[in-house]
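**Q** Got a structure for you, written out below as C-alpha cells; questions coming shortly.
The values are calculated or read from the model by the stated rules, or taken from the named source; none is laboratory data. In this text, all values refer to a predicted model and were calculated from it rather than measured experimentally. Note that we place each Cβ from the backbone using ideal geometry, even for glycine, and neighbour counts take in every protein chain shown. The protein model used for the area step is the full one, side chains on, heavy atoms only, and it has no ligands, DNA or RNA in it. Shrake-Rupley method; radii C 1.70, N 1.55, O 1.52, S 1.80 Å.
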Amino acid sequence: MNKKRVISRIDVKNEFVVKGIQLEGLRKLGNPNELALKYYDEGIDEIIFMDAVAAYYDRNSLSHIIEMACENIFVPITVGGGIRKEEDIKELLNVGADKVAINTQAVKDPSFLTKMSKVFGSQCIVSSIVAKKIDKNKWEVYIDNGREPTGLDAIEWAKEVEKLGVGEILVTSVDKDGTKKGFDLELNEAISSAVSIPTIASSGAGNKKDVLKVLKNEKIDAAAIASVLHYNIETLENIKGYCNSNGVLTR
C-alpha cells in the first residue's frame with residue numbers, strides 16, 4: 001500500500017495567508033513564509049500555495065513568496081492561481097516551484113494542458129478542479145477561484161484532463177471549503193474512481209478524523225488541509241499519528 005501524503009494548502013492574498021468559507025469572506029491569518037516553514041519543520045509532505053485573488057489580475061503574483069520559501073523548505077511545492085501562459089509556469093519553476101495547478105485557463109483552452117504537459121512534463125502539471133454540488137451525485141466545475149460556473153460536469157472534466165496529459169488532480173469542494181465539517185467524500189470518491197492519476201482531496205478538514213476518513217479511500221493519494229493547521233486545531237504530528245495508528249500509512 002502506498003503511503004499517503006498530507007499537504008498544507010496556503011491561500012495567499014496580498015502577502016497574507018487567508019481563509020474563508022466556501023471561498024468567500026477571506027480572513028487574514030498570517031505570513032505565508034512563516035507558516036510554510038512551520039509546517040515544513042513539523043513534517044508536512046508537500047505545500048500548495050494558491051493565489052486567492054489572481055482571477056482579478058489575470059496573473060499569479062506569488063513568485064517572490066515561492067523564492068523565499070524555497071530557501072528553507074525542501075518538500076515539493078505546487079503553485080496555483082492566475083496561470084495563463086507558458087511564461088507564467090517558467091517563472092514559477094525558475095524560482096523553485098515543482099508543480100503548477102491550473103483551473104481557469106484549462107477550462108478556457110483545454111489544449112493548454114496538453115501543451116504544457118509536453119513542455120514541462122506531466123508530473124509538473126496539476127489540474128485544479130473546483131466543484132460545487134448541483135444535484136445528487138452531480139457537481140459543476142467553477143473557475144475564477146470558485147466565482148464563475150462553467151456548465152461542465154466535474155467527473156467528466158476529470159476524465160478529460162487525464163486524457164489531456166496532466167499528472168495529478170487537486171479537488172476543491174466549494175461547498176465544504178472552510179466549513180471544517182469534513183471533506184466531500186462523495187465528490188472525491190467519484191473523481192478518484194473516474195481517473196487513474198493521483199488525486200488530492202481538498203476542502204473541509206476540521207480534525208484528524210476527517211483526514212483519516214478521506215485517506216481511507218485507497219484511490220485518494222493525498223489530503224490537502226488548511227484551517228485545521230492555520231487555527232491550531234490539530235498538530236501535524238497528531239494527524240499523521242492518528243492516521244498511521246488506524247491503518248492509513250502516511251509519509
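**Q** How many of the residues in region 83-96 are open to solvent by 10 Å² or more (accessible area, probe 1.4 Å) and within 27 Å of V174 (Cα to Cα)?
**A** Of all residues in region 83-96, those open to solvent by 10 Å² or more (accessible area, probe 1.4 Å) come to 84-88, 90-91, 93-96.
Still in the list and also within 27 Å of V174 (Cα to Cα): 84-85, 88.
Number satisfying all stated conditions: 3.
**Q** Looking at V6, V53 in this structure, which one is touching a residue at least 60 places away in the same chain (Cβ under 8 Å), among the aliphatic types (A, V, I, L, M) and in contact with a helix residue (DSSP H, G or I) (Cβ under 8 Å, 6 or more places away or on another chain)? Spell out the reasoning first.
**A** Numbers: V53 fails: in contact with a helix residue (DSSP H, G or I) (Cβ under 8 Å, 6 or more places away or on another chain).
Just a single option satisfies the conditions, and that option is V6.
**Q** May I pose another question? Report yes if K4 is of a type outside the set (G, A, S) and open to solvent by 80 Å² or more (accessible area, probe 1.4 Å), otherwise no. Let's see the steps before the verdict.
**A** Numbers: of a type outside the set (G, A, S): yes; open to solvent by 80 Å² or more (accessible area, probe 1.4 Å): no.
Considered against the rule, which asks whether it is of a type outside the set (G, A, S) and open to solvent by 80 Å² or more (accessible area, probe 1.4 Å), K4 comes out as no.
**Q** Okay, moving on. Can you pull out every residue in region 147-178 that is among the β-branched types (V, I, T) and closer than 19 Å to V6 by Cβ?
**A** Applying the first criterion (among the β-branched types (V, I, T)) to region 147-178 yields 150, 155, 161, 166, 169, 171-172, 174.
Answer for region 147-178, where residues must be among the β-branched types (V, I, T) and closer than 19 Å to V6 by Cβ: I169, V171, T172.
**Q** Could you pull out the residue among E46, E67, E24 that is closer than 19 Å to L93 by Cα, open to solvent by 20 Å² or more (accessible area, probe 1.4 Å) and not basic (K, R)?
**A** Working: E46 fails: open to solvent by 20 Å² or more (accessible area, probe 1.4 Å); E24 fails: closer than 19 Å to L93 by Cα.
After ruling out the rest, the residue left standing is E67.
**Q** Find the residue count for region 154-176, including only residues that are in a loop (DSSP other than H, G, I, E, B), open to solvent by less than 30 Å² (accessible area, probe 1.4 Å) and touching a Gly at 6+ places or on another chain (Cβ under 7 Å). Before the answer, list the steps.
**A** Residues of region 154-176 in a loop (DSSP other than H, G, I, E, B): 165-167, 174-176.
Checking the rest, the ones that are also open to solvent by less than 30 Å² (accessible area, probe 1.4 Å) come to 165-167, 174.
Checking which are touching a Gly at 6+ places or on another chain (Cβ under 7 Å) leaves us with 174.
Matching residues across region 154-176 total 1.
**Q** Taking region 36-54 on its own, how many of its residues are modelled with pLDDT under 95 and either charged (D, E, K, R) or on the phi > 0 side of the Ramachandran plot (or both)?
**A** Selection size over region 36-54: 1.
**Q** Could I ask something else about it? Looking at region 113-148, which of the residues that are open to solvent by 70 Å² or more (accessible area, probe 1.4 Å) and assigned to a strand (DSSP E or B) is nearest to G81 (Cα to Cα)?
**A** Narrowing region 113-148 to residues open to solvent by 70 Å² or more (accessible area, probe 1.4 Å): 115, 118-119, 123, 132-138, 147-148.
Of the ones still in play, those that are also assigned to a strand (DSSP E or B) are 132-135, 138, 148.
On the way: K132: 18, K133: 22, I134: 24, D135: 27, K138: 25, E148: 14 Å.
Checked region 113-148; the qualifying residue nearest to G81 (Cα to Cα) is E148.
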